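The values are calculated or read from the model by the stated rules, or taken from the named source; none is laboratory data. Predicted model only: the values in this text are computed from it and were never measured. With ideal geometry, Cβ positions are generated from the backbone for all residues, glycine too; neighbour counts draw on all protein chains shown.
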Amino acid sequence: MRTSAPPNDNASFSIFLLTDSPGLEWAHRWISRPIFVGHLVALVSNVSVLHLVQTDPSLQQPMYYFLAILAVTDLGLCMSTLPSVLGLLWFDVWMVGLAPCVLQQHFLHSFSFMESAVFFAMALDHLVAIRFPLHYASVLTSPRVALARAVLGIHSAPITAAPSLNLLKFDYCRRGALSHAYCLHQDMIHLACSDTCFNKLYGLCIIMLDIGSDVLFILISYSVILRTVLAIASAKERLKALNTCVLHILAVLCFYVPVLALSIVHRFGHHISPLVHILMGTISVLFPSLINPIIYSIKTQQILRAILKMVSLGNIQ
């Protein structure tokens, strides 16, 4: 039998309470349906992109390798929150232990940093392709692309390891609930009674140095790309070059805008309705994972052809 509100026994030592749609607990079954469908579409579409890049010879190029890494990252982002979100909406599992909560926030933040780094790498790929087209093959060689893929795959987890390990050591003596149906680092330190200065300072520094440098490089790359494109004499070639970058720009905006909005809401939106926090949290995690493969599949002819080919073969069989 479903309950209409979270349990009142707010454990404060090693148990956290999840939050989702306060005041709308009666509608959780309905709310869970679009969320589940969104995660399912994200899962199927990103797995399809990975399969196509791996099996289609026409997609064995650096651009599509980076797209495959983006698909892995998107899968990690949306799947890291799915168990607690659906557990709360379907089974009224309001409580989560300290270790699972720390592990969830670690994966969530690691994949977020990884996604930002992937966009950095894709900006570099576009810069080389447009600014130095004749040297593209010699710059982005297979060994260099393989090295970039390895670095992108492992660089994020160590960055978030130190604050995550600290979370396991903190004393949590404040009674309260997390602001989402999943665990976030900033939520957990707000409930800690230990000295959290290191985590706060470290978190701010890695955001500025890691994600900030990614954003800065992307902006510099596109300023160089824009100057290069405007110098092209042929209008047709200018349009072709710009179309190459449109997909990446859309994907970048779909990732950074929700993350920035959620960060602003968390820091300055204390008087905003909790529903706004929850909605922004869901969008920031699910929307990029959902929209990225759709954007690239619709706008990239090679992927679209590969999808149509895969579907047609399935129909024949």
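Do we find that Val257 is within 19 Å of the chain's Cα centre (by Cα) and buried (at least 17 other Cβ atoms within 10 Å of the Cβ) in this structure? Criteria not met by Val257. Candidates Ile294, Ile303, Ile307: the one that is modelled with pLDDT under 85 and surrounded by fewer than 16 Cβ atoms within 10 Å (Cβ to Cβ) is Ile294. Within the range 51-59, identify whether any single residue is more than 30 Å from Ile232 (Cα to Cα), buried (at least 22 other Cβ atoms within 10 Å of the Cβ) and in contact with a His (Cβ under 7 Å, 6 or more places away or on another chain), and answer yes or no. No, every residue in the range 51-59 fails to be more than 30 Å from Ile232 (Cα to Cα), buried (at least 22 other Cβ atoms within 10 Å of the Cβ) and in contact with a His (Cβ under 7 Å, 6 or more places away or on another chain).
For the range 167-220, the set of residues classified as polar (S, T, N, Q), within 20 Å of Gln104 (Cα to Cα) and not in a loop (DSSP other than H, G, I, E, B) consists of Gln186, Asn199, listed by residue number. Each residue in the range 236-256 was checked for being free of Cβ contacts under 8 Å to residues at least 40 places away in the same chain and either in contact with an Asp or Glu (Cβ under 7 Å, 6 or more places away or on another chain) or among the β-branched types (Val, Ile, Thr) (or both), and 1 pass. Looking at the structure I just gave you, is Leu134 more than 22 Å from Leu18 (Cβ to Cβ) and either within 18 Å of the chain's Cα centre (by Cα) or not charged (D, E, K, R) (or both)? In short, yes. Counting only residues that are assigned to a helix (DSSP H, G or I) and either surrounded by 14 or more Cβ atoms within 10 Å (Cβ to Cβ) or among the polar types (S, T, N, Q) (or both), the range 260-274 holds 6 of them.
Just one of the listed residues (Ile278, Ile225, Ile272) is over 18 Å from Pro293 (Cα atoms) and touching an Asp or Glu at 6+ places or on another chain (Cβ under 9 Å), namely Ile278. Which ones in the range 73-108 are within 30 Å of Ala137 (Cβ to Cβ) and without any contact (Cβ under 8 Å) to a residue 60 or more places away in the chain? Within the range 73-108, just Thr73 meets the criteria. For the range 213-234, residues that are within 10 Å of Ile130 (Cβ to Cβ) and touching a Ser or Thr at 6+ places or on another chain (Cβ under 6 Å) total 0. In the range 74-99, the residue that is surrounded by the fewest Cβ atoms within 10 Å (Cβ to Cβ) out of those that are at pLDDT 90 or above and more than 18 Å from Leu184 (Cβ to Cβ) is Leu75. Taken over the range 152-184, the criterion of being closer than 14 Å to Gly203 by Cα, under 23 Å from the mean Cα position of the chain (by Cα) and not hydroxyl-bearing (Ser, Thr, Tyr) is satisfied by Ala157, Pro158, Ile159, Ala161, Ala162, Pro163, Leu165, Leu167, Leu184. Is there a residue being at pLDDT below 90 and part of a loop (DSSP other than H, G, I, E, B) anywhere in the range 233-245? Yes, there is a match, as at least one residue in the range 233-245 is at pLDDT below 90 and part of a loop (DSSP other than H, G, I, E, B). Residues in the range 153-189 that are over 18 Å from Cys78 (Cα atoms) and of a type in the set (A, V, I, L, M): Ile154, Ile159, Ala161, Ala162, Leu165, Leu167, Leu168, Ala177, Leu178, Met188, Ile189. Whether any residue in the range 228-235 is among the polar types (S, T, N, Q), touching a residue at least 12 places away in the same chain (Cβ under 8 Å) and over 30 Å from Ala161 (Cα atoms) is what I want to check. Checked the range 228-235: at least one residue is among the polar types (S, T, N, Q), touching a residue at least 12 places away in the same chain (Cβ under 8 Å) and over 30 Å from Ala161 (Cα atoms).
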